[in-house]
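These notes concern the structure reproduced below.
The values are calculated or read from the model by the stated rules, or taken from the named source; none is laboratory data. These numbers were taken from a predicted model, which means no experiment stands behind them. Cβ atoms come from the backbone with ideal geometry, glycine included; neighbour counts cover every protein chain shown. When the accessible area is computed, the model is the full protein with side chains, heavy atoms only, and any ligands, DNA or RNA have been set aside. Shrake-Rupley method; radii C 1.70, N 1.55, O 1.52, S 1.80 Å.
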Amino acid sequence: MISLGLHGLGIGAGAQRTVIDAVAAAAERSGFATLWAGEHVVMVDDPVSPYPYSPDGRIAISADADWLDPLITLSFAAAATNRIELATGVLLLPEHNPVIAAKQAASLDRMTGGRLSLGVGIGWSREEYDALGVPFEGRGRRMAEYVAAMRALWRDDVASYDGEFVSFDRVRVNPKPHRRSIPVVLGGNSDAALRRVAEWGDGWYGFNLADVEEAAFRASRLRALCREVGRDPADLRLAVALQDPVPGDAARLGDAGIDELVLVASPPADPIAAEAWISDLAGRWMPVRN
């Protein structure tokens, strides 16, 4: 049975505390599986870098919109809920210090009893990397190394790591995650992104895919890459967001081996209206789970 996630917090109206509380609590009551929150640290008015998830190469979100930090957003969502899973979708990990990111993620995971999945990606905006003083080139290698270092910090009481981009020796970083690890879900729809998932990810978040057919094709490609590197594809959790989904898509995605369909939508600015909005979404989408 495919589960339903919601990617709607942290941006615009979804960046208001009262709306976060209302949406998170109502989504949990209605049976949504996961609340997702994405990230951009920097937006620019006239980007040169093409947005890879739309046909025209432009992101639909205005550069002057409020965009909260995803871990802070999910912390507030966690405080309003008890069971619903939480996921960054995605944290642009190469833009972060991995030791600090490991501590922040572990703190949230511990405080929520192990409800966090850390969705990470390499990003697409050279302007954002330039503003943060991080090299745009090599960001895929940087992310892989950061994840390896973070897993060492989560796993080992006294951790060491020596790599190209990060190095530390016999350090203690506490708290540890609830289960001494946090699932790392990788974003990106390209073959290079899927290969990263197959080689060292715990799951995949395919974002803004055109339709069920593209999602099924990408999932099939991912399973083939897993077999190439000797991994069991069943060990991965697959979540996708479609450009214009309809309720009938959920069952078809489930048949294609997708575990979660993530609805990407912006809530209304009024918290009472936001609760009604969740109820409407649940009324239209939850029957597909029965």
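For this structure, a couple of remarks:
- Residue check for SER181: hydroxyl-bearing (Ser, Thr, Tyr) and either at pLDDT below 95 or over 30 Å from ASP156 (Cα atoms) (or both): no
- Taken together, the criteria exclude GLU137 from residues that are in contact (Cβ under 8 Å) with a residue 60 or more places away in the chain, over 18 Å from the mean Cα position of the chain (by Cα) and farther than 21 Å from SER107 by Cβ.
- Where strands (runs of 3 or more DSSP E) fall entirely within the range 1-101, those with at least 3 residues that are under 21 Å from ALA265 (Cβ atoms), modelled with pLDDT of 95 or more and in contact with a Phe, Trp or Tyr (Cβ under 7 Å, 6 or more places away or on another chain) are at 3-7.
- Matching residues, the range 257-288, being among the aliphatic types (A, V, I, L, M) and touching a Leu at 6+ places or on another chain (Cβ under 9 Å): ILE258, LEU261, VAL262, LEU263, VAL264, ALA265, ILE278, LEU281, ALA282, MET286, VAL288
- One residue stands out in the range 111-138 among those that are in contact with a Leu (Cβ under 9 Å, 6 or more places away or on another chain) and of a type in the set (D, E, K, R): the one that is least open to solvent (accessible area, probe 1.4 Å), namely GLU128.
- Residues of the range 33-50 satisfying the condition of being closer than 30 Å to SER3 by Cα and surrounded by fewer than 16 Cβ atoms within 10 Å (Cβ to Cβ): VAL41
- Residues of the range 147-171 satisfying the condition of being within 16 Å of ASP202 (Cβ to Cβ) and without any contact (Cβ under 8 Å) to a residue 40 or more places away in the chain: ARG151, ALA152, ARG155
- Against the test of being open to solvent by less than 50 Å² (accessible area, probe 1.4 Å), farther than 25 Å from SER49 by Cβ and not in a strand (DSSP E or B), the options MET150, MET143 yield a single qualifying residue, MET150.
- Tallying residues that are open to solvent by less than 50 Å² (accessible area, probe 1.4 Å), touching a residue at least 40 places away in the same chain (Cβ under 8 Å) and among the hydrophobic types (A, V, I, L, M, F, W, C) within the range 62-77 yields 3.
- For the range 90-108, a residue qualifies if it is open to solvent by 10 Å² or more (accessible area, probe 1.4 Å) and among the small types (Gly, Ala, Ser), and exactly one does: SER107.
- Residues that are closer than 27 Å to ALA22 by Cα and open to solvent by 50 Å² or more (accessible area, probe 1.4 Å) within the range 51-60 comprise just one, ALA60.
- Test for VAL197: is it in contact with a Cys (Cβ under 9 Å, 6 or more places away or on another chain) and of a type in the set (A, V, I, L, M): yes
- Of all residues in the range 10-32, those being surrounded by fewer than 21 Cβ atoms within 10 Å (Cβ to Cβ), touching a Leu at 6+ places or on another chain (Cβ under 9 Å) and within 13 Å of ALA77 (Cβ to Cβ) number 2.
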